Amino acid sequence: MKKIWSFFSSIKTAITLFFLIALTSIAGTIIQQQPTPSGYERIYGPTVAKIIKALELYDMYHSWWFQLLLVLFAINLLVCSIDRLPRVLRFFKKEERFKPREFLDSLPIKCTSKGRSKDVKEALKLVEDVLSSHGFHPKERVEEEKRAYLFAEKGLLNRLGVYVTHFSILIVLLGGLIGSFFGFTGYMTIVEGGKSNNVVLRDGTSNKLLPFVLKCKSFEVIFYKNRPDVPKDYISWIEVIDGGKKVLEKKIEVNHPLVYKGIYFYQSSYGVFSAGEGILTLKVKDKNTGKVEEVSLKVGQEKNLPDLGVSIRLLAFYPDFVLTQNGPTSRSDELNNPAALVEILKDGKTINRTWVFAFFPNVHQKKSNYEVKFVNYKPVFYTVLQVSRDPGVWLVWVGCILMIAAIMMTFFWSHRRVFVWIEEKGKGVEVALGFTTNRNQDAFREKAEVICKNIKERL
């Protein structure tokens, strides 16, 4: 037990554990976390991919060995704190405050002043007043007939700063471990207009069913005006249905999550579920009259344009148009090169058939009295939400706030002590002061000189 205690109370153990945690954290930053198994093989090769899988480097911060390092580091902090605590607690004991006269002579900061009066009590009162004016309130005094002892201090809590820091680190580690064991992170895919309560966890092989359902009412992608193929923002309008009733509705966009029952839903990504079932918006202009009418329709749908006296039909739509040997087709469901084939009808007869391109409005526009322009196309999207629950996050926040306070307590305060001996000497009284501090001795020396000067003037 002594050897185990000695091992965990060692500073070398603390430095080694801290180095290992830092080193593995760097590895966890460099190695992409949670890609597909084939992704690791493609990036690193099959041999390295096997090593990554064996060491659980794909989810390093939840691996058993990383959590073991955190537990060992927590034990090390705890044992170190307990082992060194008695040395600090002695500063809180009254018997430690009384020092012999010889102790003052050994201090690096000291001064001696003499007064004409032989009244020890009067000199004691005078010293107390000066020390109090400088923030040193007497904590201990001993009065005798021909001598007196006085002890004053401030900043005693500074001695506990390092222990509060250790405690705050333990709270952060505890919060992290609670989140690791009892929290989860995954992804939820919801088709526009659909519902889901299924979360695919980060490992990609397991899932978690939520006790409530999310419905994606609608989804919108906003593109840059000068780059219509680059999304600027994407927004999901989500309803939370709990117990069969709608309890919450919120717009989710990047950096603006939905929070319900301690579970966070972040907008992660999106995709096109169906391009063929989307809605195309076109602007039709009669060149003769100058009249313009806007219309929205699906593939195969026909709508009347009463202001123009014609109707329009959407024959086909290709989100990523390309022309092949077999005719027009779409390379993908992404809106990389949207194109539509439409026809204008009058009295049920086709009077014009033309292609409409989103990014090339003047291509394939046949000579006609009617000009058709692409306005917008809204396919049926699916939204991907990152789902996260971390029950230990509030402990992490408490630990971080406590750590900041403890660091300020440790580095911006100092434990300053003043020891005073007052004795009758000859025809008067002698006042000897000794000063000590645990940090920033030069600044305290200047303060001590001012105190000594004030006492000397008063005596």
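Picking from VAL142, VAL162, VAL191, which residue would you name as being under 29 Å from LEU395 (Cβ atoms) and of a type in the set (Val, Ile, Thr)?
From the options VAL142, VAL162, VAL191, the qualifying one is VAL162.
Collect the residues in the range 356-397 that are within 18 Å of the chain's Cα centre (by Cα) and among the hydroxyl-bearing types (Ser, Thr, Tyr), keeping them in residue-number order.
Across the range 356-397, the qualifying residue is only SER388.
Considering each of LEU69, LEU89, LEU85, LEU104 in turn, give the residue that is surrounded by 14 or more Cβ atoms within 10 Å (Cβ to Cβ) and more than 30 Å from GLY428 (Cα to Cα).
Values: LEU89 fails: surrounded by 14 or more Cβ atoms within 10 Å (Cβ to Cβ); LEU85 fails: surrounded by 14 or more Cβ atoms within 10 Å (Cβ to Cβ); LEU104 fails: more than 30 Å from GLY428 (Cα to Cα).
None of the other options fit; the residue is LEU69.
Which of the helices (runs of 4 or more DSSP H) contained wholly in the range 1-91 include at least 2 residues that are within 25 Å of PHE184 (Cβ to Cβ), touching a residue at least 40 places away in the same chain (Cβ under 8 Å) and basic (Lys, Arg)?
Passing ranges: none, list empty.
Determine which member of the set THR329, THR350 is farther than 30 Å from TYR270 by Cα and polar (S, T, N, Q).
One residue alone meets the criteria, THR350.
Report the residue count in the range 28-53 for those that are of a type in the set (Gly, Ala, Ser), surrounded by fewer than 13 Cβ atoms within 10 Å (Cβ to Cβ) and either farther than 22 Å from LEU201 by Cα or at pLDDT 80 or above (or both). Even if it seems obvious, please write down each step before you answer.
Of the range 28-53, the ones of a type in the set (Gly, Ala, Ser) are 28, 38-39, 45, 49.
Remaining after also requiring surrounded by fewer than 13 Cβ atoms within 10 Å (Cβ to Cβ): 38, 45.
Okay, now just the ones that are also either farther than 22 Å from LEU201 by Cα or at pLDDT 80 or above (or both), so 45.
The total comes to 1.
Which residue, of ALA405, ALA448, is modelled with pLDDT of 90 or more, surrounded by fewer than 18 Cβ atoms within 10 Å (Cβ to Cβ) and of a type in the set (A, V, I, L, M, F, W, C)?
None of the others qualify; the one that does is ALA405.
Is the range 410-422 home to any residue that is of a type outside the set (Val, Ile, Thr), in a helix (DSSP H, G or I) and exposed (fewer than 15 other Cβ atoms within 10 Å of the Cβ)?
The answer is yes; a qualifying residue exists.
Identify, please: which residue in the range 60-77 is aromatic (Phe, Trp, Tyr) and under 22 Å from the mean Cα position of the chain (by Cα) and is, among those, farthest from ILE21 (Cα to Cα)?
Here the answer is TYR61.
Hey, could you check the range 312-321 for residues that are in a strand (DSSP E or B) and either of a type in the set (Phe, Trp, Tyr) or crowded, with 20+ Cβ neighbours inside 10 Å (or both) and say which is farthest from the chain's Cα centre (by Cα)? Reasoning before the result, please.
Taking the range 312-321 and keeping what is in a strand (DSSP E or B), we get 312-318, 320-321.
Next cut, either of a type in the set (Phe, Trp, Tyr) or crowded, with 20+ Cβ neighbours inside 10 Å (or both) only: 312, 314, 317-318, 321.
Details: ILE312: 53, LEU314: 49, PHE317: 44, TYR318: 42, PHE321: 42 Å.
By that ranking, first place goes to ILE312.
Could you list, in sequence order, the residues of the range 185-201 that are crowded, with 18+ Cβ neighbours inside 10 Å and not hydroxyl-bearing (Ser, Thr, Tyr)?
Residues satisfying the conditions are GLY186, MET188, ILE190, GLU192, VAL199.
Mind checking which residues of the range 296-311 are crowded, with 16+ Cβ neighbours inside 10 Å, under 46 Å from the mean Cα position of the chain (by Cα) and at pLDDT 90 or above?
Of everything in the range 296-311, just one residue is crowded, with 16+ Cβ neighbours inside 10 Å, under 46 Å from the mean Cα position of the chain (by Cα) and at pLDDT 90 or above, namely LEU297.
Looking at the range 405-459, which of its residues are closer than 29 Å to GLU145 by Cα, of a type in the set (D, E, K, R) and out of contact with any strand residue (DSSP E or B) (no Cβ under 6 Å at 6 or more places or on another chain)?
Residues satisfying the conditions are GLU424, LYS425, LYS427, GLU449, LYS453, GLU457, ARG458.
The values are calculated or read from the model by the stated rules, or taken from the named source; none is laboratory data. The model shown is predicted, which means the values in this text are computed figures rather than measured ones. Ideal geometry is used to build each Cβ from the backbone, glycine not excepted, and the neighbour counts take in all protein chains shown.
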